[in-house]
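Here's the structure, in structure tokens; my notes come after.
Please treat every number below as a calculation from the coordinates, not as lab data. Since this is a predicted model, take the numbers as computed values, not measurements. Cβ atoms come from the backbone with ideal geometry, glycine included; neighbour counts cover every protein chain shown.
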Amino acid sequence: MNTNKEYIYQIVASEITESRMAHSVRVAELSKLLAGCHGYADTDKAYIVGLLHDITKQKPIHFHTQIFRQNNFEYKDIPENSYHAFSGAFYCMTKYHITDPEVLSAIANHTLGGSQLLLDQILYVADFLGSNYAISQPAYTEWLEKTKVNLSYGLLIKSKTVILELLEKEHAIHPTTLDVYNSNCSA
Ligand SMILES: [Fe+2]
Ligand SMILES: [Fe+2]
């Protein structure tokens, strides 16, 4: 795998808009920061998964479903707004020959969460803390500082925020998101 940051930056920048790229760079920086705080030794890999995570975010629905069919991937239980996480992992592998299983797992699990792997959890939380929504909240600094001490707090805040948003829209809550919340809440 070519782990040159400049190379990865260039390939991602060729797939998404400038504003989505700005989010991806923020997520890369947060992912590297949280890796350092929580004992994930390969902080450069943490940075790279942040850059890559939304590589297929702006593709149309048929792009994702075509990749799923090509890879015999069952997607009927995955919400549409999470398609890009799973298609992103396949796309990195087939188009850019990125085969590191840790990288692919982190990309695939960044929206629904639920993985017990440290890098997956770091990216899941970094994606939230690098979102326009999170940055605009008065509690942002508190969220970031508490997450730097306790990653479980970040997992709680992201899953709680996702659940509240889904309730507000009267959309279904994926069981994996509920699992993340239940595994990290104080009760
Ligand atoms: Fe995403
Ligand atoms: Fe993202």
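So the values come out like this:
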item	result
Span-like helix ranges in the chain, DSSP H, alpha carbon extent 27 angstrom or more, Kyte mean at least 0.5	151-169
Computed helical MRE - 222 nm, the chain, DSSP H runs ≥ 4 contributing -39500 (n - 2.57), nearest 500	-20500 deg cm²/dmol
Gain upon complete extension [Ala172, Ile135; 0.36 nm per residue less C-alpha separation]	10.8 nm
Asn71/Glu102 FRET efficiency (R0 25 Å; Cβ-Cβ; nearest 0.05)	0.85
Charge context of Ile173, other residues only, Cβ under 15 angstrom, K/R +1, D/E -1	-3
Environment charge of Glu15, counting only residues whose C-beta is closer than 11 Å and scoring Lys/Arg +1, Asp/Glu -1	+3
With at most 15 other Cβ atoms within 10 Å, longest stretch of the chain clear of loop GluC sites (Glu not before Pro) (DSSP)	75-169
Straight-distance crosslink candidates among lysines, where the alpha carbon sits under 23 Å from Lys160 and sequence neighbours closer than 8 are dropped	Lys57, Lys146, Lys148, Lys169
Simple Cβ-charge dipole of the chain, Lys/Arg +1 and Asp/Glu -1, about Cα centre, in debye nearest 20	120
Nearest-0.05 FRET efficiency for Lys146 and Lys5, computed from C-beta distance (R0 22 Å)	0.20
Rg(Cα) / (2.2 N^0.38 Å) computed for the chain, rounded to two decimals	0.97
